[in-house]
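Below you'll find the structure, written out as structure tokens, and then a few comments.
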Amino acid sequence: LMMMKPKVVFVLGGPGAGKGTQCVKIVKQYGYTHLSAGDLLRAERNKGATEYGELIDNHIKEGKIVPVEITINLIKRAMEETMNQDATKDKFLIDGFPRNTDNLEGWNKNMDTNADVKFVLFFDCSNEICIERCLERGKGSGRTDDNISSLEKRIQTYMQSTKPIIELYEKQGKVRRVDGAKSADEVFVDVQKIFNAEN
Ligand code: UP5
Ligand code: MG
């Protein structure tokens, strides 16, 4: 049971739009806890011998979205661990989630009454720049999905499944859009304006 309702900012945008990079900066300045759904899934996969390792591995390579039952449990557990250690740590950046209607329904079913979604931080960046950044990172990242064939699938999934989720939140007035194509420091200037206005 969560005693105090944690505050959540969802961070969305295409693969390589800069979600993780900006979350690190937000954590330093605004004291949020950063939970990347992709990082949580990769860590779960890397544990090996867990029930879902192979499923997660295949989904990531294929740029497909893992069933929400798996992802929501990882997110929920990470939030609870953070708050159990320090009850004042009640602000979370949830990076790369929710990516489709399955994710959104899973959130609403499990977390909607347990957390307040303040807004959606959306890094808007062209597919071309997204692909270029991930391919560049792929030279040293070791990520199994930073190659051109996985990237084409990741972009397709983003356009087909995640964009509609962002549009849904847009209709609710919850999206804070940032131009993600600028340099990381320039993007953070715009991010700061948003967080300064919200807090
Ligand atoms: N970079 C960053 N900002 C830059 C800037 N402004 N200018 C120039 N370069 C910039 O950045 C990517 C690269 O670009 C880095 O090299 C960085 O230095 C540079 P990063 O900040 O890592 O971008 P990010 O948006 O976080 O990119 P990431 O690759 O993490 O995005 P994805 O959304 O594709 O990856 P994620 O880890 O979220 O998901 C991976 C997979 O996990 C999914 O495809 C899916 O299969 C699975 N998944 C689920 O199934 N469910 C979930 O809920 C989440 C993930
Ligand atoms: Mg990321």
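The values are calculated or read from the model by the stated rules, or taken from the named source; none is laboratory data. Since we're looking at a predicted model, the values are computed, not measured. Cβ placement follows ideal geometry from the backbone for every residue including glycine, while neighbour counts extend to all protein chains displayed. Ligands, DNA and RNA are excluded from the accessible area calculation, which covers all protein heavy atoms including side chains. Shrake-Rupley method; radii C 1.70, N 1.55, O 1.52, S 1.80 Å.
From largest accessible area down, sort Thr88, Thr21; use a 1.4 Å probe on the protein chains.
Values: Thr88 110, Thr21 75 Å².
Reading off the accessible areas and sorting them downward yields Thr88, Thr21.
Only helices at least 15 Å long along their axis, Cα-based, and averaging 0.0 or more on Kyte-Doolittle count here, so list those DSSP H runs from the chain.
184-198
Hey, any idea what Rg/Rh is for region 1-141, computing Rh the Kirkwood way over Cα pairs? It would help to have the intermediate numbers written out before the result.
Working: Rg = 15.2 Å, Rh = 15.9 Å.
Ratio value, two decimals: 0.96.
With a 1.4 Å probe and all protein chains kept in place, how do Met4, Met83, Met111 rank by accessible area, largest first?
Details: Met4 105, Met83 25, Met111 0 Å².
Listed by decreasing accessible area, they come as Met4, Met83, Met111.
Please tell me the relative contact order of the chain in percent, rounded to the nearest whole number, where contacts are Cα pairs under 8 Å and at least six residues apart.
Working: 285 pairs, mean separation 68.3, N = 199.
Relative contact order comes out at 34 percent.
Measuring from centroid to centroid over Cα atoms, what is the spacing of region 24-39 and region 68-86 in Å?
The two parts, judged by their Cα centres, are 14 Å apart.
Any idea what the dipole of the chain comes to, in debye rounded to 20, about its Cα centre with Lys/Arg Cβ at +1 and Asp/Glu Cβ at -1? List each step's numbers first, then the result.
Details: 30 positive and 30 negative charges, 59 e Å.
The calculation lands at about 280 debye.
For Ser36, which sequence-distant residues (separation of 5 or more, or a different chain) have an amide H within less than 5 Å of its own amide H, given hydrogens modelled in the peptide plane?
Asp95
Net charge within 15 Å of Glu62 by Cβ-Cβ distance, Lys/Arg positive one each and Asp/Glu negative one each, not counting Glu62 itself?
On the way: positive: Arg42, Arg45, Lys61, Lys64, Arg99, Arg143, Lys153, Arg154; negative: Glu54, Asp57, Asp145, Asp146, Glu152.
Taking every other residue near Glu62 into account, the sum is +3.
Would you mind checking which residues have amide H under 5 Å from Phe119's amide H? H placed 1.01 Å from N; only 5 or more apart, or other chain.
Sorted by chain and number, the residues that satisfy this are Phe10.
Set Lys and Arg Cβ to +1 and Asp and Glu Cβ to -1, take the dipole of the chain about its Cα centre, and tell me which of Phe195, Gly18, Leu151 lies farthest positive.
Phe195
Name the GluC sites (Glu not before Pro) in region 1-76 that are in a loop by DSSP and that have at most 10 other C-beta atoms within 10 Å, would you? Provide the component values of the computation, followed by the final result.
Numbers: sites: Glu44, Glu51, Glu54, Glu62, Glu69; in loops: Glu51, Glu62.
Answer by residue number: Glu51.
Based on DSSP H runs of at least 4 residues, each adding -39500 (n - 2.57), what is the mean residue ellipticity at 222 nm of the chain after dividing by all its residues, to the nearest 500 deg cm²/dmol?
On the way: 9 runs with 108 residues, N = 199.
Counting only the DSSP helices, I get -17000 deg cm²/dmol.
In whole angstrom, how long is each semi-axis of the equivalent ellipsoid of region 126-175, when you take the square root of 5 times every eigenvalue of its Cα gyration tensor and sort them from largest down? Could you put the intermediate results ahead of the total?
Working: eigenvalues 139, 23, 15 Å².
Semi-axis lengths for region 126-175 are 26, 11, 9 Å.
In debye to the nearest 20, how big a dipole does region 78-125 give about its Cα centre with +1 on each Lys and Arg Cβ and -1 on each Asp and Glu Cβ? Could the numbers behind the result be given before it?
Details: 5 positive and 10 negative charges, 16 e Å.
Here the size comes out at about 80 debye.
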